[in-house]
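**Q** Below is a structure I'd like to ask you about.
The values are calculated or read from the model by the stated rules, or taken from the named source; none is laboratory data. Small disclaimer: the values here were computed from a predicted structure and weren't measured. Every residue, glycine among them, receives a Cβ derived from its backbone with ideal geometry; neighbour counts consider all protein chains shown. We work out accessible area using only protein heavy atoms, side chains counted, and drop any ligands, DNA or RNA first. Shrake-Rupley method; radii C 1.70, N 1.55, O 1.52, S 1.80 Å.
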Amino acid sequence: MKTIYLGKDHINKKPCFATVGFFDGVHRGHRFLIGHLMEDARKEGVASTVVTFDKHPRQVLHSDYQPKLLTTFEEKRALLEATGVDNCVVLPFSEEMAALSARDFMQHVLKEQLGVDTVYIGYDNRFGHNRAEGFDDYAAYGREVGMNVVHEQAFVLNGVNVSSTVVRNYLQQGEVELAEQCLGYPYFLQGKVVAGFQEGRRIGFPTANLQPEEPEKLIPAPGVYAVLAQVEGEPENRQAMMNIGTRPTYGGCDMSMEVHILHFSEEIYRKNLTVKWIHRLRAEKKFPSPTVLSEQLKEDMRMVEEQFERDARR
């Protein structure tokens, strides 16, 4: 996949088939649309192109907006590349671009600058400053500017139209397995292991205190999870359990993310760690003492091992 930054890189304006969106998470709905685009583009002998933005549009329109992203820009770019699409065009989103009408965007950006012959519109996609416009409007503008407009159907899973919003809602409810079904891969986050409280070590469960690499990434609901953890420099994932919460047994604190890697004793302080969420065990809970907490953690670890054994048998 060739990544092209509009305004910086040379663009070969040969006719192409394209779709436009933020593509947060590059979930199965996105890949469903991109797959159809690629198939049609191959039949016509033209390039397939995904057009996306360098930042979330609402960050430009609302300066106080704090996005809860499923993917960083580089993670999104890598997931798009894995689809096999030919080009990824990155638009620098600005107030000037936000002010463009859908028709002007189609004519001046898609047609004149990128050479788009056919644009694929997702079932819930909106662009241009008038968010009330829909597919019929885009189709009419397409006829005016000489561009075919294709309306893509939703990707439906268990009766639900898959979208980035649906995935975020699942994660915020702790439903990480439903989120994985929609994404097509386990939700993941990268971070650095930083100094923690050392309380886990005192009760026999040393943990890596994880500081997210990207503060705008969404963190799933508080609770205890079975996760896979990949330590920087190691090729394989390790079974682990993770607590997201405020450590109520020890009096509470700001939200923290603590990872206990099973049967692992190496020092990984200051190393990068990638965590993939597999299953939620329970909600966070305040225990009457560290001793009672330790007994619960033993039960949690047993449940984590059973979870991975079930997964291995599938």
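**Q** If a residue must be under 19 Å from VAL304 (Cβ atoms), part of a helix (DSSP H, G or I) and among the hydrophobic types (A, V, I, L, M, F, W, C), how many such residues does segment 179-215 contain?
**A** 1
**Q** Next question. I'm checking my understanding of the structure. Among residues of segment 49-72 that are out of contact with any Cys (no Cβ under 7 Å at 6 or more places or on another chain), open to solvent by less than 20 Å² (accessible area, probe 1.4 Å) and not hydrophobic (A, V, I, L, M, F, W, C), which one is farthest from LEU6 (Cα to Cα)?
**A** PRO67
**Q** Further question on the same structure: Of the residues that sit in segment 73-97 and are of a type in the set (A, V, I, L, M, F, W, C) and open to solvent by 20 Å² or more (accessible area, probe 1.4 Å), which one is nearest to PHE53 (Cα to Cα)? If you could, list the steps in order and put the result at the bottom.
**A** Start the filter on segment 73-97 by keeping residues that are of a type in the set (A, V, I, L, M, F, W, C), which leaves 73, 78-80, 82, 85, 88-91, 93, 97.
Those still in the list that are open to solvent by 20 Å² or more (accessible area, probe 1.4 Å) too: 73, 78-79, 82, 93, 97.
Values: PHE73: 9, ALA78: 15, LEU79: 15, ALA82: 18, PHE93: 6, MET97: 11 Å.
Checked segment 73-97; the qualifying residue nearest to PHE53 (Cα to Cα) is PHE93.
**Q** Say we look at segment 39-65 and pick out the residues that are within 20 Å of VAL89 (Cβ to Cβ) and among the basic types (Lys, Arg); which of these is modelled with the lowest pLDDT?
**A** Among those residues, the one meeting the criterion is LYS55.
**Q** Here's a follow-up. If you scan segment 254-267, which residues turn out to be within 15 Å of ILE219 (Cβ to Cβ) and open to solvent by less than 80 Å² (accessible area, probe 1.4 Å)? Outline the logic, then answer.
**A** Within segment 254-267, the subset within 15 Å of ILE219 (Cβ to Cβ) is 254-259.
The answer is SER256, MET257, GLU258, VAL259.
**Q** Something else now. Mind listing whichever residues of segment 197-241 are of a type in the set (S, T, N, Q) and open to solvent by less than 10 Å² (accessible area, probe 1.4 Å)?
**A** The first filter runs over segment 197-241 and keeps only residues of a type in the set (S, T, N, Q), leaving 198, 207, 209, 211, 230, 237, 239.
Listed by number, the list is empty, since nothing qualifies.
**Q** Right, here's the next one. Any residue in segment 1-28 that is hydroxyl-bearing (Ser, Thr, Tyr) sitting within a Cβ distance under 7 Å of a residue that is open to solvent by 30 Å² or more (accessible area, probe 1.4 Å)? List the pairs, counting only those 6 or more apart or interchain.
**A** That search, which allows pairs on different chains as well, returns THR3/ARG77.
**Q** Name the residue that is surrounded by the fewest Cβ atoms within 10 Å (Cβ to Cβ), counting only residues in segment 1-38 that are of a type in the set (D, E, K, R) and under 25 Å from SER94 (Cα atoms).
**A** At the first step, the residues of segment 1-38 found to be of a type in the set (D, E, K, R) are 2, 8-9, 13-14, 24, 28, 31.
In the following step, the residues that additionally are under 25 Å from SER94 (Cα atoms) were identified as 2, 8-9, 13, 24.
Numbers: LYS2: 13, LYS8: 8, ASP9: 11, LYS13: 12, ASP24: 23.
The extreme case among them is LYS8.
**Q** Now for a separate question. Any residue that is open to solvent by less than 80 Å² (accessible area, probe 1.4 Å), more than 23 Å from the chain's Cα centre (by Cα) and free of Cβ contacts under 8 Å to residues at least 60 places away in the same chain - is there at least one of those in segment 268-277?
**A** Checking segment 268-277: not a single residue is open to solvent by less than 80 Å² (accessible area, probe 1.4 Å), more than 23 Å from the chain's Cα centre (by Cα) and free of Cβ contacts under 8 Å to residues at least 60 places away in the same chain.
**Q** On the given criteria, is VAL145 more than 21 Å from ASP104 (Cβ to Cβ) and in contact (Cβ under 8 Å) with a residue 40 or more places away in the chain? Please lay out each step first, then the result.
**A** Values: more than 21 Å from ASP104 (Cβ to Cβ): no; in contact (Cβ under 8 Å) with a residue 40 or more places away in the chain: yes.
Against the criterion (more than 21 Å from ASP104 (Cβ to Cβ) and in contact (Cβ under 8 Å) with a residue 40 or more places away in the chain), VAL145 does not qualify.
**Q** (1) open to solvent by 40 Å² or more (accessible area, probe 1.4 Å); (2) modelled with pLDDT of 95 or more; (3) polar (S, T, N, Q): which one isn't true of THR246, the others all being true?
**A** (2)
**Q** Report yes if some residue within segment 126-141 is open to solvent by 70 Å² or more (accessible area, probe 1.4 Å), within 17 Å of PHE53 (Cβ to Cβ) and in contact with a Ser or Thr (Cβ under 8 Å, 6 or more places away or on another chain); otherwise report no. Break it down stepwise before answering.
**A** Let us first name the residues in segment 126-141 that are open to solvent by 70 Å² or more (accessible area, probe 1.4 Å), namely 126, 129, 131-132, 136.
From the residues that got through so far, the ones that are within 17 Å of PHE53 (Cβ to Cβ) too are 126, 129, 131.
In the following step, the residues that additionally are in contact with a Ser or Thr (Cβ under 8 Å, 6 or more places away or on another chain) were identified as 129.
Yes, that holds for at least one residue.
**Q** List, please: which pairs have Cβ atoms under 7 Å, are six or more places apart or on different chains, and start with a residue in segment 35-61 that is more than 20 Å from GLN153 (Cβ to Cβ) and end with one that is surrounded by fewer than 18 Cβ atoms within 10 Å (Cβ to Cβ) and hydrophobic (A, V, I, L, M, F, W, C)?
**A** Within 7 Å, the pairs are ASP54/PHE73; PRO57/ALA98; VAL60/ALA98; LEU61/ALA98.
**Q** Still on this structure: Give me the pairs, please: first residue somewhere in segment 79-95 and free of Cβ contacts under 8 Å to residues at least 40 places away in the same chain, second residue anywhere and surrounded by fewer than 20 Cβ atoms within 10 Å (Cβ to Cβ) and of a type in the set (Val, Ile, Thr), beta-carbon distance under 8 Å, and either six or more positions apart or on two chains.
**A** Matching pairs, first to second residue: SER94/VAL60; GLU95/VAL60.
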